[in-house]
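The values are calculated or read from the model by the stated rules, or taken from the named source; none is laboratory data. Since we're looking at a predicted model, the values are computed, not measured. Reconstructed Cβ throughout: ideal geometry from the backbone, glycine too, with neighbour counts over all protein chains shown. Ligands, DNA and RNA are stripped out before the accessible areas are found, and what is left, the full protein with its side chains, is counted by its heavy atoms. Shrake-Rupley method; radii C 1.70, N 1.55, O 1.52, S 1.80 Å.
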Amino acid sequence: MLTITNLQASVEGKEILKGINLTVNKGEIHAIMGPNGSGKSTLASILAGREDYEITGGEVSFNGGDLLEMAPEERAREGVFLAFQYPVEIPGVSNTNFLKAAVNETRKHRGLEPMEPKAFLKMMREKMALVEMEQAMVSRSVNEGFSGGEKKRNEIFQMAMLEPSLAILDETDSGLDIDALKIVANGVNKLRSKDNAVVLITHYQRLLDYIVPDYVHVLYKGRIVKSGGKELALELEAKGYDWIKEGAAEEVAA
Amino acid sequence: MEALDFQTSLIKGFTAFETMLNGQKVPPIHDIRRQAMTRFAELGFPTVRHEEWKYTSLVAAIKHDYKLPSQAASTLTAAEIAPFLIPELDAQTLVFVNGVFAPELSMIHIQKGVTVRSLAEAFHDKHPLVEKHFAKVASFEKDALVALNTAYALNGVFIELERGVVAERPFHLVFVNDTRMSSVFTPVRNLFVLGENAEATVLDNSHTLTASKNDQPHYGFTSSVTEIVLGENAHLHHYKLQNDVEASYYVGATSVHQESTSVYNSVVITLSGGIVRNNLSSVLAGKAADAHYYGLYCVNGKTLVDNHTLVDHAVAHCTSNELYKGIMDDRSTGVFNGKIMVREDAQKTLAYQSNRNILLSNNATINTKPQLEIFADDVKCSHGCTTGQLDEESLFYLRARGLDKEQARALLLTAFAGEILEKISLEPLRDRLEAIIAERLHQELA
């Protein structure tokens, strides 16, 4: 589904990603972990199409297409979803209208008619239940006045509505208390299928207690320095990131 | 030199105006007109050297050869004014053509405790409230345009609500300048007096009828002064819609005197015109009076829109809340000058002011200036202004959910404008404005 080959990117002349290689297949959950500043969020942003970065090398193929050539909205319509680390507040734009536009754009892209208002509302209610969102929240402006946890839940709600084939969750767990974390994780687990894939970007192992990954990758200084199964996350939790850093330093020295 | 000509013709034309007044040249009103004429002659039209007119030059407006009120009679048909009405609005409608009340185009409903009539008639009948308040709320001492308007004060609307009366219908005041035969200068003078605990809604708009494109271009110049007196606990919702042609100039002043716990809600929407200048001021004279000023200017072409506001907190416990927003395209110019005065006795004042602008073109300009003068020590005041493009982060967020760039921009601009439009409680008016603005944004972003 997603193949990242030797991806390199910089911002304002500073190299952030120094050759990322990653393959994500249908039905898989990948966790990307790493210390702060290692390039995790940069990777997520580049996949979603944020224009603040300069791609200096490599390629990204998504379902056979060149992802880097697509505008952000094309990627979304093709099935890429980014749950933002910092979801923006958009006063005056109602969640419902925004989602209706988003859902219908995606449908149009797939050659489907816009949803009937009744069917749309029914779908909203179902997905709201999934992430335990209240009607009052959905009726409000996008993220306006939401707490940190509510914003993250709203991201997962949007994901549920848009039914992406590839969901990238950028530190969706940070700032969440354990109850909110469980709600978010539960939402993600229920949306899992053999046809879609999830990339979890996280700093902490805790999320992975609730969403069990198939693969764990450690990103450090713009490179994936270690990959493994879910047990790698536990090892990181136990030992911290220092041993990774030391290992990486040794590799460079060697 | 032509500029001087209009000023001179206004001064000289005053004699002809007096002749036309004939039997109505009686004190005290006419004495005030004369004083105002003298003051106008002393002050003359302001230039950009005048601090209050720094960014708004009237040179283009005063160079035309205008017919004065006594010279420009016109009769319009219902079909000709239909575009300026809102059919879904069940209102007391008063239509004025070149300043003169047109009863055949108006619709007045009788309600007990409500007086609504042309000001000229109220002058004629020597109405005590008119004599009491005329030229007392809007001072012409320092303002040449108010002086000019006061000198020529005759036509406009007088509304009185007696104590405790709630107006059953909104008042819709429509001022049409017919410039098909010549350029026209129209002074409009209104006086609204709301008694204790009374409540009303007023919508006013000015429009210019122009000749077909092939003819010599004519211009409409409206000078408008509205004086408002709100008794204790009176509520007035005042909406102004400005969507006029390019060949129009509008200089208006709305001055409000507020007694205790009265509420004045103002929403001024400017969508087009040549030069639009709105002066809006309240004196919060009684305790716990509230003034809410909202404004939206969504302009393009070469429109210049200038909002000057002044809230004078004279006594304690009053609140003023002000939000003006602008969406500027093409070569349009915006001016926002918001002054808040908190006098020594005005403790526990709450005064908020904000001006936010989005520039859609590199050639659009906005000049914004907050002025706070605070002489009391126990107050909460804030002001802020922002000018910029649409928020990139919000645009990206919407695009990352599948909306294309134009949709995302339109959605954000509509939301930006919506914050002001939602302050309008007259649904037919709000619907119409939303439609006009959506259409406008659609064109501009296409």
For region B:258-314, the Kirkwood Rh over every pair of distinct alpha carbons, in Å, works out to 12.5 Å
Region B:202-226 scanned against label point 7 Å out from residue B:20 along Cα→C-beta; backbone N under 20 Å for B:206-210, B:218-226
In terms of the alpha carbon gyration tensor, root eigenvalues a ≥ b ≥ c, rounded if a/c is under 1.5 and otherwise prolate when a/b exceeds b/c or oblate, region B:205-244 is prolate
Once the in-chain neighbours fewer than 8 apart are removed, the lysines whose Cα is under 25 Å from residue A:226 read A:14, A:18, A:26, A:40, A:239, A:245
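Given region A:2-253, report the % of alpha carbon pairs whose separation exceeds 34 Å.
I get 16 percent for the Cα pairs in region A:2-253 exceeding 34 Å.
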Carbon and sulfur atoms account, in whole percent of the 1.4 Å probe accessible area of region B:2-399, for 50 percent
The answer for trypsin sites (Lys or Arg not before Pro) in region B:176-262 that fall in a DSSP coil and have at most 10 neighbouring Cβ atoms within 10 Å is B:213
Heavy-atom accessible area with a 1.4 angstrom probe orders B:59, B:193, most exposed first, as B:59, B:193
For residue B:253, the net charge from surrounding residues (Cβ-Cβ under 10 Å; K, R +1; D, E -1) works out to -1
In Å, the C-alpha Rg and Dmax of region B:35-176 are 17.7, 50
Diffusion coefficient in µm²/s returned for the protein assembly as shown by Stokes-Einstein, Kirkwood Rh over C-alpha pairs, 20 °C and 1.002 mPa s, is 74 µm²/s
The aspartates and glutamates whose Cα lies under 13 Å from the Cα of residue B:240, excluding any fewer than 8 residues away in the same chain, are B:204
Looks like region B:116-189, by Cα gyration tensor root eigenvalues a ≥ b ≥ c and the a/c under 1.5 rounded cutoff (else prolate when a/b is bigger than b/c, oblate otherwise), is oblate
Share (percent) of C-alpha pair distances in region B:2-399 greater than 40 Å works out to 12 percent
Expressed to one decimal in nm², the mean projection of the alpha carbon convex hull of region A:149-242 is 6.3 nm²
Counting Lys and Arg as +1 and Asp and Glu as -1 over every other residue whose Cβ sits under 11 Å from the Cβ of residue B:94, the net charge comes to 0
Note: region B:281-394 at 4 °C, 1.567 mPa s; Kirkwood Rh on alpha carbon pairs; Stokes-Einstein D in µm²/s works out to 88 µm²/s
Taking every other residue with Cβ under 12 Å from the Cβ of residue A:87 and scoring Lys and Arg +1, Asp and Glu -1, one gets -3
Restricting to aspartates and glutamates and to Cα separations under 14 Å from residue B:63, and discarding same-chain partners fewer than 8 apart, the set is B:2, B:5
Reduced to Cα centres, the span from region A:149-171 to region A:202-219 in Å works out to 17 Å
A convex hull over the alpha carbons of region B:20-70 yields, per residue, a volume in Å³ of 100 Å³
What helix-only [θ] at 222 nm does chain B give? Using -39500 (n - 2.57) per DSSP H run of at least 4, over all residues, to the nearest 500, the answer is -7000 deg cm²/dmol
The answer for the protein assembly as shown, accessible area per residue at 1.4 Å probe in Å², is 42 Å²
Once accessible area is computed for A alone, B alone and the pair with a 1.4 Å probe, the total buried surface, to the nearest 100 Å², works out to 1900 Å²
Rounded to the nearest 10 Å², the accessible area of residue A:173 using a 1.4 Å probe with every protein chain kept is 10 Å²
In region A:66-85, the residues losing 20 Å² or more of accessible area (1.4 Å probe, heavy atoms of protein chains only) relative to their chain alone are A:72, A:73, A:76, A:77, A:84
Looks like region B:193-337, by Cα gyration tensor root eigenvalues a ≥ b ≥ c and the a/c under 1.5 rounded cutoff (else prolate when a/b is bigger than b/c, oblate otherwise), is prolate
Expressed as a percent, the accessible surface of region A:2-253 that is carbon or sulfur, using a 1.4 Å probe and the full set of protein chains, is 47 percent
From the Cα centre of region B:408-446 to that of region B:362-400, the distance in Å is 20 Å
